[in-house]
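Worksheet: the structure to be examined is printed underneath.
Quick note: the coordinates plus some simple rules give every number you see, no bench work behind them. Because the structure is predicted, anything quoted here is derived from the model rather than measured. So basically every Cβ, Gly included, is an ideal-geometry build from the backbone, and we count neighbours across all protein chains shown.
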């Protein structure tokens, strides 16, 4: 079975029961303490914005008045962005309209009052963080709902109106809050905290610029541009790994190759830190050198605590004469759980380590900020001759006899 057929089976099941069926047992996007439902529509050469905050009142306006409406709904008319409100939207076009409007009023000195500047800064933060999967700054309700559930319709016909009808959500901008309540009853996926830290960092940058009455839309330095690109890549990796913590998504991952499920043919002993897993599927994405984690049971089983799972690295993969895939995993720790022969295992790629992510960012930040660093100068290092120890030369000249035996 492929992932497309797996999704088709869910659609057929949803059509049979007449209600949406789950694709996830978690909510894939966290939110912050405050939420604002936002609509933004192009009107000729201008645009109009509607916003609904916690009080349920509809705030609207055109042009700069629309940004002030955002600030009123988010409670930041004084210029204090607080913890940053989450934007609830139902179509990506909303952010495109807000982006152009926010950039036009990015400089507080050119805004008629603080509310307009605050709305511009908040919208700019939303637009930037919307490119980071797993961010709590913006929730595209249609995209999130499609990821969490499956509707029994033809692919592509599950538009916003279809989901509103299926979930019993009223029409209009005020219905976005009810829509969010319908999809947020499940627990949030674990492991998204590093992305939330990125949300907080950029919000602090926007708040600092707003407090100094400086534009938040300034030309990026090489350091800031690199850090933002790194942040987007990290967020994508973190979100993909977090999805594999969900049992239903892991079951689907078996058909995409992201999850390896099979029997242990060679168990790990006290003096051997290797295990060999045999799988019926040949399409695994776990290649040699990939760090992995695994535990006993099927993909639908809950992921156990660290003490009850193993961690290692894929040493090799090979196809047997019976068209089965054997994955050799080495580097298992000496203590803790060790798989035994005959056990059924679920193996996935190891999630990114938050400490490693922070460490890499600190190293890159230091290199970009150093005046004479090759990164900050934007040039590649020039190859230079240097002394090489004799032992290294001898080792390099020796033939690889081990591979010929």
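Couple of notes before you dig in:
- Whole-number percent relative contact order across the chain, with pairs defined as alpha carbons under 8 Å at least 6 apart: 15
- Among 323, 76, a tally of other beta-carbon atoms within 10 Å of each Cβ gives an order, fewest to most, of 323, 76.
- Gyration tensor verdict on the range 247-349 (Cα atoms; rounded if a/c is under 1.5, prolate if a/b is larger than b/c, oblate otherwise): oblate
- Order of 94, 31, 256, 346 - criterion: other Cβ atoms within 10 Å of each residue's Cβ, fewest first: 256, 31, 94, 346
- Rounded Å value of the spacing that divides the Cα centres of the range 1-25 and the range 59-101: 36
- The relative contact order of the range 3-243 comes to 25 percent, based on Cα pairs under 8 Å that sit 6 or more residues apart.
- DSSP-defined antiparallel bridges as percent of all bridges, the chain, nearest 5: 85
- The spacing between the range 223-257 and the range 351-370, judged by their C-alpha centroids, is 18 Å.
- Radius ratio Rg over Rh of the range 119-160, counting only Cα atoms, Kirkwood formula for Rh: 1.12
- Largest GNM mean-square fluctuation across 279, 121, 359, computed for the chain with C-alpha springs under 10 Å, falls on 359.
- Of the residues 158, 283, the one with the fewest other Cβ atoms within 10 Å heads the list, and the complete ranking is 283, 158.
- Antiparallel bridges, percent of DSSP beta bridges restricted to the range 3-243 (to nearest 5): 65
- For the range 180-210 and the range 145-161, distance of Cα centres in Å: 25
- Calculated P(r) of the range 288-328 - Cα pairs past 15 Å, %: 55
- Computed on the range 233-343, with alpha-carbon pairs under 8 angstrom and 6+ residues apart, the relative contact order is 30 percent.
- Candidate values [x] 66, 47, 43; [y] 79, 68, 36; [z] 62, 51, 38, label of the one derived for Cα extents along the principal axes in Å: [y]
- Max mean-square fluctuation residue, GNM over the chain, Cα-Cα springs under 10 Å, options 235, 350, 137: 350
- For residue 103 and residue 307, the FRET efficiency from 1/(1 + (r/R0)^6), where r spans their Cβ atoms and R0 equals 51 Å, is about 0.50.
- Every helix of 4 or more DSSP H residues in the chain counts as -39500 (n - 2.57), and over all residues that averages to -12000 deg cm²/dmol at 222 nm.
- Selected from 26, 171, 239 as most flexible by GNM, with the chain as the system and alpha-carbon contacts under 10 Å: 171
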